[in-house]
Amino acid sequence: MQNEENICVDCVFKSNATKTLADQEQAMLSCNHLTINFKKDDPVIQQGHYSSNIVYLRSGLAKIHIHGPYYEQIIKIVKAPRYLGLPTTFGNKVNQYSVTVVENSEVCFIDMSTFKSLLENNKKFANDIILDLCQYEMDSYRKCAQRTQKQSRGNLADVILDFADTFYESDEFNLPLSRDEIGNLIDTSRESVSRILTEFANDQIIEVKGRKIKILNKKSLKLISENG
């Protein structure tokens, strides 16, 4: 990991909430934050550790995962730009889950007191942060319902479509997750993930070369997703 200087006023990765801040307020952020480059598989937030800063995923992708009673569970994949761990930071100060980048990413660590000052003094900024948290929560509920009610084929189709449409905005991409991680994310085995990918490839829905995925028939993939 290495530090990188960044000026918030000119940052192209700023959140919608930060865009509401005056130049003077954004300059205050610049003086009270640190941007760090993380390499793939580097931990950003660790469960059980003390939370002392606001964490903002500036660029890249990360997985949110939590220690369950028997094993580590991947909860969600998140794309920058995104605040991470706000409920924990403003709650009991101890991280309730972990965040690990799944590709090279940039993360801003913002001074807690500076962030709280902006929330207290700028209502539009505070409102946008609340809206972002609400949207994130509702999206998590929706994903949970879909995952528990769909079969593995539908869940894996969702994962591929998410990476294509939301994360990479391309029908050809390299999966940043291993087969084990994908299985963990959709609550199935590594073997099932490999088998279903092979089935999709044999049906000419996708092309698979290692971790490289190319969608050949998006309509069929969406039908599998919809039918679960």
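The values are calculated or read from the model by the stated rules, or taken from the named source; none is laboratory data. Bear in mind that the values here come from a model prediction, so they are computed numbers and not experimental data. Don't worry about glycine lacking a Cβ; one is built from the backbone with ideal geometry, like all the others, and counts go over all protein chains shown.
Name every residue in segment 200-216 that is surrounded by 14 or more Cβ atoms within 10 Å (Cβ to Cβ) and of a type outside the set (A, V, I, L, M), in order of residue number.
Hits for segment 200-216 are F200, K214.
Here Q204 passes the criteria (1) closer than 26 Å to N104 by Cα; (2) touching a helix residue (DSSP H, G or I) at 6+ places or on another chain (Cβ under 9 Å) except the one numbered (1). Scanning segment 131-140 for residues that are of a type outside the set (S, T, Y), outside the structural domain of A164 (by TED's automatic domain parsing), surrounded by 14 or more Cβ atoms within 10 Å (Cβ to Cβ) and assigned to a helix (DSSP H, G or I) turns up at least one hit. Within segment 168-182, the residues that satisfy the criterion of being closer than 22 Å to E226 by Cβ and either out of contact with any strand residue (DSSP E or B) (no Cβ under 8 Å at 6 or more places or on another chain) or buried (at least 20 other Cβ atoms within 10 Å of the Cβ) (or both) are Y168, E169, S170, I182.
Test A126 against the stated conditions and say whether it is surrounded by 13 or more Cβ atoms within 10 Å (Cβ to Cβ), in contact with a helix residue (DSSP H, G or I) (Cβ under 8 Å, 6 or more places away or on another chain) and not β-branched (V, I, T). If you could, list the steps in order and put the result at the bottom.
Working: surrounded by 13 or more Cβ atoms within 10 Å (Cβ to Cβ): yes; in contact with a helix residue (DSSP H, G or I) (Cβ under 8 Å, 6 or more places away or on another chain): yes; not β-branched (V, I, T): yes.
Answer is yes for this residue.
One line per residue, one yes/no per condition, for (1) hydrophobic (A, V, I, L, M, F, W, C); (2) touching a helix residue (DSSP H, G or I) at 6+ places or on another chain (Cβ under 6 Å); (3) under 14 Å from L29 (Cβ atoms):
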residue: I74; (1), (2), (3): yes, yes, no
residue: G85; (1), (2), (3): no, no, no
residue: K93; (1), (2), (3): no, no, no
residue: E103; (1), (2), (3): no, no, no
residue: E106; (1), (2), (3): no, no, no
residue: I110; (1), (2), (3): yes, no, yes
residue: S113; (1), (2), (3): no, no, yes
residue: N122; (1), (2), (3): no, no, yes
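Quickly run through segment 146-186 and pick out the residues that are polar (S, T, N, Q) and part of a helix (DSSP H, G or I). Of everything in segment 146-186, those that are polar (S, T, N, Q) and part of a helix (DSSP H, G or I) turn out to be Q146, T148, Q149, S152, N155, T166, N184. Of all residues in segment 14-27, those satisfying the criterion of being surrounded by fewer than 18 Cβ atoms within 10 Å (Cβ to Cβ) and either of a type in the set (A, V, I, L, M) or under 17 Å from K79 (Cα atoms) (or both) are N16, A22, A27. Select from segment 42-65 the residues that are β-branched (V, I, T) and touching a Ser or Thr at 6+ places or on another chain (Cβ under 7 Å) and write down the one among them that is surrounded by the most Cβ atoms within 10 Å (Cβ to Cβ). Here the residue is I54. On the basis of being surrounded by fewer than 16 Cβ atoms within 10 Å (Cβ to Cβ) and either among the acidic types (D, E) or closer than 30 Å to I215 by Cβ (or both), does S152 make the cut? So S152 does not fit the description; no. Screening I186 against (1) surrounded by 14 or more Cβ atoms within 10 Å (Cβ to Cβ); (2) among the aliphatic types (A, V, I, L, M); (3) more than 19 Å from T100 (Cβ to Cβ) leaves a single unmet condition, (3).
Among the conditions (1) out of contact with any Lys or Arg (no Cβ under 8 Å at 6 or more places or on another chain); (2) in a helix (DSSP H, G or I), the only one that V193 does not satisfy is (1).
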